[in-house]
Amino acid sequence: MAFGEIRQMRPMSKVIVIPTYNERQNLPLVVEGIFALGIPDLRVMVVDDNSPDGTGVVAEKLAQKYPVSVMHREKKQGIGAAYVCAFKKILALPEKQECVIQMDADMSHDPALIPQMLASIKTCDLVLGSRYIAGGGIKNWDPLRRLVSRFGNVYARFVLWLPYRDLTGGYKCFRPEVLEAIDLDSLSSRGYNFQIETTFKAHQKGFRIIEIPIVFTERKFGVSKFNLPIILESFIKVFWLRLHG
Ligand SMILES: Nc1nc2c(ncn2[C@@H]2O[C@H](COP(=O)(O)OP(=O)(O)OP(=O)(O)O)[C@@H](O)[C@H]2O)c(=O)[nH]1
Ligand SMILES: [Mg+2]
């Protein structure tokens with residue numbers, strides 16, 4: 001058997017990208033939760049923006065115990081920029097990946113749903129973890145945060161004319177072909193609007209996108225990076241995407 005054939009027969013690996021900024025307490029919980037599932041050929045890539053609380057050091061310690069790699073970036077540049085950096089690195093790997101999952105570090109995204117994500121991606125190109133379909137939900141968010149999220153989703157859905165219920169969630173699974181096709185350099189969102197923009201571009205390219213229900217739980221440790229500039233970026237960028245996308 002030729003070397004090329006052996007390589008082809010090896011199971012392809014799955015990568016989970018986790019962006020972090022001040023998640024020292026949360027990161028070990030999420031990484032341990034992921035590897036406790038015992039999924040073969042699964043790796044984690046942490047993208048840390050030089051967190052002042054030392055999350056980068058915690059990530060390196062985890063890398064000694066688990067198949068974790070760490071990208072250290074100089075300064076905080078937004079969740080979208082962190083994902084773009086990691087996705088480019090993954091696409092440049094010599095071996096093709098089976099799929100790329102993105103999830104938050106703060107335990108809002110339950111690692112127990114990863115097997116379902118992996119099963120679902122076999123039938124489509126992009127899986128969206130959705131809080132706003134039957135079976136999905138949110139635990140422990142205050143009414144204002146719920147309202148902002150609801151409004152943001154309805155606004156993006158109507159302005160961009162998309163059929164998905166949850167466009168702002170950050171628990172997603174891509175086939176690498178989607179990441180190649182959406183032209184990562186062309187993405188204009190650096191903050192949370194990144195979630196809307198990637199799904200919009202994938203939809204425009206005609207990829208099959210499905211939603212699976214997730215229950216999002218508010219973080220117990222650390223602080224949210226969600227703020228007014230992020231909301232405003234999204235409000236303006238969604239309109240911009242309609243005009244230029
Ligand atoms: N590398 C990097 N990660 C970030 C940045 N901003 C946020 N993150 C990470 O992105 C994930 C989501 O951010 P959160 O602050 O939890 O925001 P959220 O989940 O939308 O909002 P909450 O529910 O209020 O926590 C977390 O893992 C953060 O640590 C950033 O600028 N750089
Ligand atoms: Mg969060």
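Read-outs: derived from the displayed coordinates by stated rules, not from any lab. For clarity, every value in this text was computed on a predicted model and none was experimentally measured. Heads up, the Cβs are rebuilt from the backbone with ideal geometry, glycines too, and the neighbour counts pull from every protein chain shown.
List of remarks:
- Relative packing of 39-50, 66-77, which averages over residues the other C-beta atoms within 10 Å, highest first: 39-50, 66-77
- Estimated inter-spin distance, R43 and K96, nm [label 7 Å along Cα→Cβ]: 1.7
- Computed Kirkwood radius, in angstrom, where 1/r is averaged over Cα pairs of the stretch 102-146: 12.2
- Sorted peptide list for 144-156, 121-133, 18-30, criterion being average Cβ within 10 angstrom, highest first: 18-30, 121-133, 144-156
- Three-way shape label, the stretch 44-148, alpha-carbon gyration tensor, a/c 1.5: oblate
- Segment D53..S224, full-extension length gain: 60.2 nm, with 0.36 nm per residue of separation and the alpha-carbon distance subtracted.
- Among 96-104, 193-201, the order from most to least packed when residues are scored by Cβ within 10 Å on average: 193-201, 96-104
- Across all directions, the shadow cast by the convex hull of the stretch 3-244 built on its C-alpha atoms averages 13.1 square nanometres.
- With a cut-off of 15 Å on the backbone N, the residues of the stretch 68-108 near the modelled label site 7 Å out from K122 along Cα-Cβ are 98-99.
- Rounded to the nearest 0.05, the FRET efficiency derived from the C-beta distance between V215 and F151 at R0 = 22 Å is 0.60.
- Full extension of the chain between E32 and K65 yields a length gain of 10.9 nm, computed as 0.36 nm times the residue separation minus the alpha carbon distance.
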